[in-house]
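This report refers to the structure that appears directly beneath it.
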Amino acid sequence: MQRLDSSVPRHIGIIMDGNGRWARRRRHPVSFGHRAGVRAIKRVLEGCEELGVEVLSVYAFSTENWSRPRAEVRALMRLFHETMQREIDEMHRRGVRIVVSGRRDELSQRMRDRIDEAMARTALNTNGILNVCLNYGGRAELVDSVRRLVEEGVPADKIDEAAIAAHLYNPELPDPDLIIRTAGESRVSNFLLWQSAYSEMLVTDTLWPDFGVDELKAAIAEYNARVRRFGGRPDELSVGSVS
Ligand code: IPE
Ligand code: IPE
Ligand code: MG
C-alpha cells in the first residue's frame, strides 16, 4: 500500500463503543445497534484505505464482554461469524489482509474455522490490514505472551521488552499511533495495553454506529495537531534554559 501522506497515522485503533445506546435511543433491541456498528466498520475501513492508513484495529469483543446477557453474546457471535463469511470475498478482492487478535479457546469451533480461513486467504494481501480484536483483552495478551516465553524456556534475564513484544498475538503490527474511543467514556477498557504506551488518545461523544469518514478525517487532523514526545523533549524546548 502506498501511504499518501506522512502525517497520516500508520495504525489507528478504535474502541467502538455506543452500539447499545444507539439502539436504545431508537427503541430497538441492542442487536440492531451491533448491526449498525458493523456497517460503521465497513465505512471506516474504506476511509482508512482511501487515506493510506496501513492498519485499522477494531475492538469488537473484550474478554469481559462474556459477562453480558447470554442472548446478546450469542447475537454478537452470530453477527461476527456471518459478517466474516459475507465480507471475506470483497475484502480479499480489495487486497485487505484480515488479522484476528484474541484468545481462541473460548470461541466456538465454527468461529475458529472462519477466522483461520479469513486469515489464511488474505495473508498475502498488501492493501492495508484490518485487525479484529475478538475475545481480546490486553491483560490476557500479556499473560499469554509471558506463558509462551516460559514454555519456550526463555531464562528470566532474557525476558525484556523486545521478548514480550515478540510474543504478542500479532507482533508484526506496528503500535497504534492513534486510538479513538466513541461514545464519550475516557477509559481504555483493556484494549491494546502494551501497544498503546505512546498512542495518542481521542474520545468523541459520537456513538459508534454514527461514526463515519468525516469524523475519521477530523480525528486525523486533531492527531496532526498533537506533539508526540515519547518522553523526550522536542527540539525547540531543549534549546535555551530549563524553566
Ligand atoms: C460496543 O457497544 C460494542 C461491544 C462492546 C461489542 P456497546 O454494546 O458497549 O454499547 P453501549 O456502551 O451499551 O452503548
Ligand atoms: C469496550 O466497550 C469493549 C469493546 C468496544 C469491544 P465496553 O462497553 O465493553 O466497555 P466498558 O464496559 O464501558 O468499559
Ligand atoms: Mg459499551
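Since every read-out is calculated from the coordinates, none of them should be taken as a lab result. Since we're looking at a predicted model, the values are computed, not measured. No Cβ is skipped: glycine too gets one built from the backbone with ideal geometry, and neighbour counts run over all protein chains shown.
Summing charges over neighbours of H167, with a neighbour being any other residue whose Cβ is under 13 Å away from its Cβ, gives -4 when K and R count +1 and D and E count -1. Taking amide H positions as placed in the peptide plane 1.01 Å from N, state which residues far from L178 in sequence (5 or more) or on other chains have amide H under 5 Å from it. HN-HN under 5 Å from L178: H11, G13, E200.
For an R0 of 45 angstrom, estimate the FRET efficiency from the Cβ-Cβ distance between A163 and Q109 and round to the nearest 0.05. The calculated FRET efficiency here is 0.90.
Summing charges over all other residues whose Cβ lies under 12 Å from the Cβ of G47, with Lys and Arg as +1 and Asp and Glu as -1, gives -2. The chymotrypsin sites (Phe, Trp or Tyr not before Pro) of segment 168-235 meeting both criteria, a DSSP state outside H, G, I, E and B (loop) and at most 16 other C-beta atoms within 10 angstrom of the site's C-beta, are W194, Y198, F230.
Distance between the modelled labels on R229 and V143, one decimal in nanometres: 3.5 nm (7 Å Cα→Cβ projection).
Taken over the Cα atoms of the chain, the convex hull encloses 157 Å³ per residue.
Restricting the GluC sites (Glu not before Pro) of segment 50-140 to loop positions (DSSP other than H, G, I, E, B) with no more than 15 neighbouring Cβ atoms within 10 Å leaves E64, E106.
A P(r) calculated from all alpha carbon pairs of segment 146-212, with 10 Å bins opening at zero, reads 17, 37, 26, 14, 5 percent. Remark on L207: its backbone amide H falls under 5 Å from those of A183, a criterion applied only to residues 5 or more positions apart or on other chains, H modelled at 1.01 Å from N.
Summing +1 for each Lys or Arg and -1 for each Asp or Glu among the other residues whose beta-carbon sits under 13 angstrom from that of G184 gives -1.
Here, segment 1-135 is characterised by an Rg to Rh ratio of 0.97, where Rg is the alpha-carbon radius of gyration and Rh the Kirkwood radius.
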